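Every read-out reported here was derived from the displayed coordinates using simple, explicitly stated rules and does not represent laboratory data. Since the structure is predicted, the reported quantities are computational estimates derived from the model, not experimental observations. Here the Cβ positions follow ideal geometry from the backbone for every residue, glycine too, while neighbour counts run over all protein chains shown.
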Amino acid sequence: MPTTLGADAFLGQYTWYDDGWAGGMRLWAAGSGQLAGRYTSYRFGTTHPVSARTTGPPHHEIQLDIQDFNGLAAQRFTGYPADGSGALVAGVTEWRDERYGFYADRGLPRALPAFRAGDAVPADFAGTHVLRRAGGPATVELAHDGGRRLVGHWRYRDGDSAEVDGEVDPADPLLVRLTLRAAAADATLTGRLFSRPKNVIAGWMDVAGARAGCYLMRIG
C-alpha cells in the first residue's frame, strides 16, 4: 500500500454492492481532499447525494455518507482500497445498529444470484471462493468444522498454498475472522457475509501493519 492515498484515487464510476443490493455511484473532487458524488439505488430506484473523505496511515480508509437513504438521514460506509488505484473498495456499513459488508468496483454490474431465505449460519461460509484483492486473485476453500469453526486452504494462482482457519463471531452471525498461516507472516481477513444471497464475504485483510479491502465470492 502507498504511504498516502489521495482522494483523487477514488474519482469515477463504481458499481456498488451493499449486502447484495446493487447500485451505482459516481464520485468527483470537492476540494481540500473531499469528495462529492451521486448514488443511484437499483433497489429503490432513487438517487441520493454523497459526501466522502479519505484518511491516511496506518489504514487507508474512505468514509462515504449516502444522504437521505435507506430510512436514515445518512448511511455511512467505511471502506478500504484493495490497492493504490482505488478501483476496488470493500468494508462495512452500519444500519440501525447492525453491520453489513459491502464492496464497490469500477467493473460492469454482476448478475445477482437468487436470494436465500433464512438467517445466516456458520455453514453458509463454507465452499470454494475466489478472493479479489490487491496482488491478483486466489482461491480460498473453506469447510465448516462444527460449531462456528472454519478450516481450509488458501491457494494462489502460481500454485502456492497455505492453511487458513477461523470462526464466525458468536454475537454477529455475519462476521467471520480468518487467519492465513503464511510462511512470511500471518494475515487476518475480517469480513461479513452478504445476508441475503449469502454468496459474498466482504471486508479487509490486515498483514504487516497494512490494511487492504477485499472480498470472497463463492463459486462452488
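Below are the figures for this structure:
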{"read-out": "Extended-chain gain in nm, criterion 0.36 nm per residue less alpha-carbon gap, residue 219 and residue 99", "value": "40.8 nm"}
{"read-out": "Net lengthening on full extension, residue 181/residue 121 (0.36 nm per residue, minus Cα-Cα)", "value": "19.1 nm"}
{"read-out": "Calculated FRET value between residue 108 and residue 68, using beta carbons and R₀ = 22 Å, to 0.05", "value": "0.20"}
{"read-out": "Gained length - residue 13 relative to residue 145, 0.36 nm times residue gap less alpha-carbon distance", "value": "43.5 nm"}
{"read-out": "Charge dipole of the chain about the Cα centre (unit charges at C-beta), most positive-ward option of 213, 111, 31", "value": "111"}
{"read-out": "Label-to-label distance, nm, for residues given as residue 38 and residue 22 (7 Å Cα→Cβ offset)", "value": "2.0 nm"}
{"read-out": "Radius 13 Å from Cβ of residue 154, net charge of other residues (Lys, Arg +1; Asp, Glu -1)", "value": "-2"}
{"read-out": "Cα extents of segment 122-218 along the three principal axes, largest first (Å)", "value": "31, 23, 22"}
{"read-out": "Simple label model, 7 Å out from Cα along Cβ direction - residue 172 to residue 153, nm", "value": "3.1 nm"}
{"read-out": "Label-point separation in nm, residue 206 to residue 55, each point 7 Å along Cα→Cβ", "value": "1.4 nm"}
{"read-out": "Relative contact order of the chain, defined on C-alpha pairs under 8 angstrom at six or more residues apart (%)", "value": "18 percent"}
